[in-house]
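See structure below.
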Amino acid sequence: MESFKKSCVYQIYPKSFRDSNGDGIGDLKGVLEKLDYLKRLGVDYLWLTPFFLSPQNDNGYDIQDYCRIDPLFGTMEDLEDLIAKAGELGMGLMLDMVFNHTSTSHEWFQKALYGDKKFQDYYFFQEGVPGNPPTNWQSKFGGSAWEFSEDAGKYYLHLFDKTQADLNWENPMVREEIKRVIRFWKEKGIKGFRFDVINLVSKPSAWEDDEEGDGRRFYTDGPRIHEYLREIVVDTGLDADDMITVGEMSSTSIDHCIRYTNPLEKQFKMCFNFHHLKVDYKGGDKWSLMPYDFEKLKKIFHTWQTCMAEGDGWNAVFWCNHDQPRAVSRFGDDGKYRKQTAKMLATVIHGMRGTPYIYQGEEIGMTNGYFTDITQYRDVESLHYFEILKEQGREEEEIYRILRERSRDNSRTPMQWDGEGQAGFTSGTPWIGVNKNYEEINVRESLADPDSVFFYYQKLIKLRKSFRVIREGNYEPVLVKQEGIFAYKRRFQKERLLVFANFTGRPQETGGNENLEDWEILLSNYADPKIHGKKLVLDPFGTVMLYCC
Ligand code: TEU
Ligand code: CA
C-alpha cells in the first residue's frame, strides 16, 4: 500500500510558528526547535508554506526566486539542517510550490516589463488601453484580474493580487523552468510538494468576457490541465511511491479530482477541495455572513467520500489551513465546549478515507483571532475587502463583524506555546498579534493534561496506522436524515468502523441497526459513552468511534 495512505501531514505557517531570533517573525530555526514536539504528535510529513525569496505581499505566495530562501526565514543551511533532523526523526518535508503566478519582482517578470519578448511570453501580456481591460474577469482578492503596466504599455493577467502575475503554462519553456525548480528541491531531500491553486494554470485559448461570473469557469480545471500535470509529474519523477504530492484545487469537481488522483493518470497522490468550507457563504459569497448549513456540509462530505472511493481517487481531508478561520470557532463552540468540539471535529476527519492534514494550533484547539481594529489585520485580502465593503456602503460595524468571522488572519495568529509573554512565540514584537486566550490555550497546558486535545490527536494518528479499515475501507453514509448528527461506516474485508458525531450543543439520541454493545469503543471525547443495545446517547458535541471485526 502506498505510504501516503497511512500518513498524517502537519501544516506549518513558518511566519507564525516559532521565532528563534526575536525579530518577531517565525523562521526555519524556530521549526527546528519544535521537531520533538511534532514527532511526539506522531505526524509523518511537515508541509511548510512558502519561505522563498519574496516581497511578502501575500505572505510568500508571491515568489521572487523559487530556489532561494528569504532571509526573513533563515538560510539554505538552516533548511538543510531541518531536512536532515526531520529525516532522522522519520518526518519528511513538503514544500509549497506556487506555479500559477510569480511575484512581479521575479526576474522573469522584470525582464518582461522592459520589453523582452521571450519573457513576456512567460506571462499573459495583452494589448489594450488603460480603463479597458481585455476581459471582465475578477481577481480572487477583489477588483479586475488585469493590471495595466505603464512600463510595458500592456495589460497582464493576475488572478490574485496585482503583484502576483499569472504564468503562461502554454509556453513549454515555462514548464521546463518549473521542472528545474522541482528537481532542485528534490535533490535537497524534499519528500513532497503541495501545488498552490494548481487547477487554475491552464487558461483558455481565447480571452472572452464572463457574462455569468468572475471568469473562473474559463480557467478552472482548464482545457489542458491534466496533460500539464502529468507532464510535470512524470518528467520530474514525482509519481514515485516515496513522493507525496497534493494539488490545491480551487472550485473543482469530483470528476476532475478523480482524474487528478487516480494512480493510472500519473498526476497527484491527492488533492484538496474546498466545497465543505463554503457552507457558510451566503449566496456563495465569502463576504456575506450566514450560519453554516450543517445538512449541506454533511451531504458534501458524504458525496465526495463515496465518489472518490468509487473512482479510486484520493483526497486530502482537513478542516483548517492558513486561509480558513479556525474550525472550532466556525463549526462548533469555541467557549464552553471548545475541547469537545475540537475532538469531535478531529474524529470526523481522521476516521475518513483520505490523508488527514492538521494545521498548526488545531491540535491544541486554537480559536479565531477575533481582531477588533483594522490596524491589527495583516492579510492583503482582508485589507482589500475592508475597502471594497466600505465602497459598497456597508457600516463599519458590519464590516468588522464580517472580517472577524472571515479573515484569513484568524488562523495566522502566532502559535501558542505557553502562557508567558507573546505565548512563547517570540521574545520580540510579533508581526501579527497573539490571540488573547494564550494563557488558557497553549502547548504547555496541553502537554500537562492527559485528556487534552493534543493527546486525542495523537491517538487518532496512531489509530490510522493500526487499522486497515481506516486507511483502506470504503465509505458509507449512515443516519443521513438525522438532524445535527454526522455518521458514517467504513468497511474493509471483515473489519468495520463506525463514527458518530453530534454537531449540536445538546445531547442527542442516535444509533442504527447494529447492536453497539458488540463493538469496541476505539475513542470518544467523553469518558463514558452511553451505549444501550442499538442506542447511543451523544453528549453536546460528543463523538464516538467504534470498531468491529
Ligand atoms: O489559496 C488559494 C485560494 O483560492 C484561496 O484559498 C484563497 O485564499 C481564498 O479563496 C481567498 O478568499 C492559495 C494560498 O493558499 C493562499 O494563501 C494564497 O493567497 C493564494 O493561493 C495565492 O497564491
Ligand atoms: Ca525570526
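Let's test this: bin the Cα-Cα distances of the stretch 107-165 at 5 Å from zero up to the farthest pair and state each bin's percent.
Going out from 0 Å in 5 Å bins, the stretch 107-165 shows 4, 22, 31, 25, 14, 4 percent.
Sorting check: for 204-212, 104-112, 276-284, which peptide has the highest mean count of neighbouring beta carbons within 10 Å, and how do the rest follow?
The packing order, highest mean first, is 104-112, 276-284, 204-212.
Which three semi-axes in whole Å describe the equivalent ellipsoid of the stretch 473-548, each the square root of 5 times a Cα gyration tensor eigenvalue, listed largest first?
Ellipsoid semi-axes (Å, largest first): 19, 14, 11.
Go through Lys5/Lys489; Lys299/Lys343; Lys191/Lys286 and tell me which ones have a Cα-Cα distance over 27 Å in this structure.
From Lys5/Lys489; Lys299/Lys343; Lys191/Lys286, over 27 Å: Lys191/Lys286.
Test of the criteria: in the stretch 476-518, which trypsin sites (Lys or Arg not before Pro) are in a DSSP loop and have at most 10 other Cβ atoms within 10 angstrom of their Cβ?
Filter output for the stretch 476-518: Lys481, Lys494.
Multiplying the sequence separation of Leu35 and Glu211 by 0.36 nm and subtracting their Cα-Cα distance, what value in nm do you get?
That works out to 58.3 nm of additional length.
Please report the antiparallel percentage of DSSP beta bridges with both residues in the chain, rounded to the nearest 5.
Bridges in the chain are about 65 percent antiparallel.
Output ³J(HN,Hα) for the stretch 44-61: one whole-Hz value per residue in order, computed from phi by the Karplus curve 6.51 cos²θ - 1.76 cosθ + 1.60 with θ = phi - 60°, and x for Gly and Pro.
9, 10, 10, 8, 9, 5, x, 10, 7, 3, 6, x, 6, 5, 10, 6, x, 7
How would you rank Asp239, Asp196, Asp451, going from fewest to most other Cβ atoms within 10 Å of each one's own Cβ?
Ranking Asp239, Asp196, Asp451 by Cβ neighbours within 10 Å, fewest first, gives Asp451, Asp239, Asp196.
Pairwise over distinct Cα atoms, reciprocal of the mean inverse distance: report the Kirkwood radius of the chain in Å, one decimal place.
24.2 Å
When ranked by the protection proxy of mean other Cβ atoms within 10 Å per residue, highest first, what sequence do the peptides 381-390, 413-422 form?
413-422, 381-390
Pop a pseudo-label 7 angstrom from the Cα along the beta-carbon direction at both Ser253 and Glu476 and give the gap in nm to one decimal.
2.9 nm
If you put +1 on each Lys and Arg Cβ and -1 on each Asp and Glu Cβ, how big is the dipole of the chain around its Cα centre, in Debye rounded to 20?
Dipole magnitude for the chain comes out near 1940 debye.
For Lys299, Lys34, what ranking results if the residue with the fewest other Cβ atoms within 10 Å of its Cβ goes first?
Least to most surrounded, the residues fall as Lys299, Lys34.
For the stretch 63-78, what does the Karplus curve 6.51 cos²θ - 1.76 cosθ + 1.60, with θ = phi - 60°, yield as ³J(HN,Hα) per residue in whole Hz, taken in order and with x for Gly and Pro?
8, 9, 8, 5, 10, 10, 8, 5, x, 4, 9, x, 10, 4, 4, 4
Any idea how far apart Asp373 and Asp242 come out in nm if each label point goes 7 Å out from Cα toward Cβ?
Spacing of the two 7 Å Cα→Cβ label points: 5.3 nm.
Per-residue HN-Hα couplings for the stretch 461-467, Karplus 6.51 cos²θ - 1.76 cosθ + 1.60 at θ = phi - 60°, whole Hz, x for Gly and Pro?
Running phi through 6.51 cos²θ - 1.76 cosθ + 1.60 with θ = phi - 60° gives 5, 5, 4, 4, 6, 8, 10 Hz.
Would you calculate, for the chain, the mean residue ellipticity at 222 nm contributed by helices, counting each DSSP H stretch of 4 or more residues as -39,500 (n - 2.57) and dividing by all residues, to the nearest 500?
-8500 deg cm²/dmol
Hand me the GluC sites (Glu not before Pro) from the stretch 465-549 located in a DSSP loop with no more than 13 other Cβ atoms within 10 Å, in residue order please.
Sites meeting the loop and neighbour criteria: Glu483.
Compute the long axis of helix 338-350 from its Cα atoms, compare it with the longest principal axis of the Cα atoms of the chain, and write down the angle in degrees, 0 to 90, nearest 10.
80 degrees
Among Met94, Met352, Met366, which comes first, then next, by fewest other beta-carbon atoms within 10 Å?
Sorted ascending by nearby Cβ count, the order is Met352, Met94, Met366.
As an exercise, use a Förster radius of 30 Å and the Cβ-Cβ distance of Lys494 and Lys266 to find the FRET efficiency, rounded to the nearest 0.05.
0.35
Show the residues, 5+ positions off or on another chain, whose built amide H is closer than 5 Å to the amide H of Lys530.
Val537
No lab work stands behind these numbers, since they all come straight from the coordinates. Quick caveat: nothing in here was measured; it's all calculated off a predicted structure. Note that each Cβ is placed from the backbone with ideal geometry, even for glycine, and that neighbours are counted across all protein chains shown.
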